[in-house]
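The next block holds one structure in the form of structure tokens; read it before the comments.
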Amino acid sequence: MATSDKRLVKSKSGMRMLCFDPRLASPFTVEEPPWSEEAAHCENVECKAKFDILNRKHHCRRCGKCLCNNCCNSQIILPRMSFIDPVRHCKSCYTITKKENEFFDKHLKTLITGGHFRMHADDNTELLTTNAFTCSLSPDHRYLQFEGDLENLDKIYINKIESVQIASATIDSQGNRVASGIAIRYINASGNSVLLKMEVERGTFCNQSMSWITAMHKAFTLISDSSKTGAT
């Protein structure tokens with residue numbers, strides 16, 4: 001997505017880079033939470049310090065809880081909520097954001113770069129084609145796209161993916177089981193549930209493709225965890 005499709009918005013939590021059209025927002029982002037405003041004491045159950053002139057209120061930008069400075073003094077970037085600068089976090093949210101930032105810093109780039117595969121459809125053992133294909137995440141993070149003989153295959157929208165399973169049937173030189181393929185079940189444009197199986201193309205791009213599979217699994221886990229906790 002081009003920078004011109006986004007705008008800089010100032011909220012009480014900080015500066016955020018948001019899409020003009022919310023429908024085009026990355027599925028890996030969520031809205032900032034409402035702030036807890038009425039608390040008279042720190043909302044960390046292990047602290048509960050009373051707020052006064054010297055002990056001021058602070059808010060975790062991730063969970064919105066009202067906390068004292070000792071419980072909410074960590075600063076870290078929060079791309080999940082589209083903040084452009086490091087923002088204040090409570091200790092528990094800092095740990096979560098730090099882990100998620102590995103996805104934004106590393107795995108998201110891997111998904112956009114793409115992996116090289118041979119593809120199956122549903123449970124058929126017959127390959128759709130003998131040629132290899134590239135599967136990559138779109139620049140706006142909204143769908144998976146294909147290049148090669150299957151470039152006319154419908155886009156797979158990230159928010160329509162129902163499940164992601166990794167096939168670990170290959171043993172590397174150190175005796176470790178490594179990803180040999182991935183199965184993605186999704187809802188297509190007709191509203192049908194489709195299972196797409198992709199096998200890693202052996203050769204020059206093998207390691208890149210296995211990294212792509214790992215990144216895709218992390219992407220699905222990130223979105224799945226968000227829906228379980230009620231994030232939007």
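General observations
- Relative contact order %, segment 5-88, counting alpha carbon pairs below 8 Å whose residues are six or more apart: 28 percent
- Solvent-accessible ranking of Trp212, Trp35, largest area first, probe 1.4 Å: Trp35, Trp212
- Degrees, to the nearest 10: 91-102 long Cα axis against longest axis of the chain: 30 degrees
- If R0 is 41 Å, the Cβ-Cβ spacing of Asp5 and Ser92 corresponds to a FRET efficiency of close to 0.75.
- Segment 43-56 - phi-based ³J(HN,Hα) in whole Hz, Karplus 6.51/-1.76/1.60, Gly and Pro as x: 7, 6, 4, 8, 10, 6, 5, 7, 7, 7, 4, 8, 10, 7
- Sparse packing (at most 15 other Cβ atoms within 10 Å of the Cβ) combined with a DSSP loop state is found for the following trypsin sites (Lys or Arg not before Pro) in segment 7-53: Lys12, Lys48.
- Under the Debye formula (equal points on every Cα, no solvent term), log10 I(q)/I(0) of the chain at q = 0.08, 0.14, 0.15 Å⁻¹: -0.39, -0.93, -1.02
- Three-way shape call for segment 42-81 based on the alpha-carbon gyration tensor, with the a/c threshold at 1.5: prolate
- Hydrodynamic estimate: the Kirkwood radius of segment 24-135 over Cα pairs, inserted into Stokes-Einstein at 37 °C and 0.692 mPa s, corresponds to D of 192 µm²/s.
- Helix-only mean residue ellipticity at 222 nm for the chain, each DSSP H run of n ≥ 4 adding -39500 (n - 2.57), per residue, nearest 500: -6000 deg cm²/dmol
- Selected from Asn188, Gly148, Cys66, residue furthest toward positive end of dipole (the chain; charges at beta carbon): Cys66
- Entry note, the chain: relative contact order of 16 percent, from Cα contacts under 8 Å with a spacing of 6+ residues.
- Using the 1.4 Å probe convention, the accessible area of the chain works out to 57 Å² per residue with neighbouring protein chains retained.
- Net charge over other residues, Cβ less than 13 angstrom from the Cβ of Lys57 (K, R count +1; D, E count -1): +1
The values are calculated or read from the model by the stated rules, or taken from the named source; none is laboratory data. All values derive from a computational prediction rather than experimental measurement. Cβ coordinates were reconstructed from backbone atoms using ideal geometry, including for glycine residues, and neighbour counts include every protein chain displayed. For accessibility, only protein heavy atoms count, side chains too; no ligands or nucleic acids. Shrake-Rupley method; radii C 1.70, N 1.55, O 1.52, S 1.80 Å.
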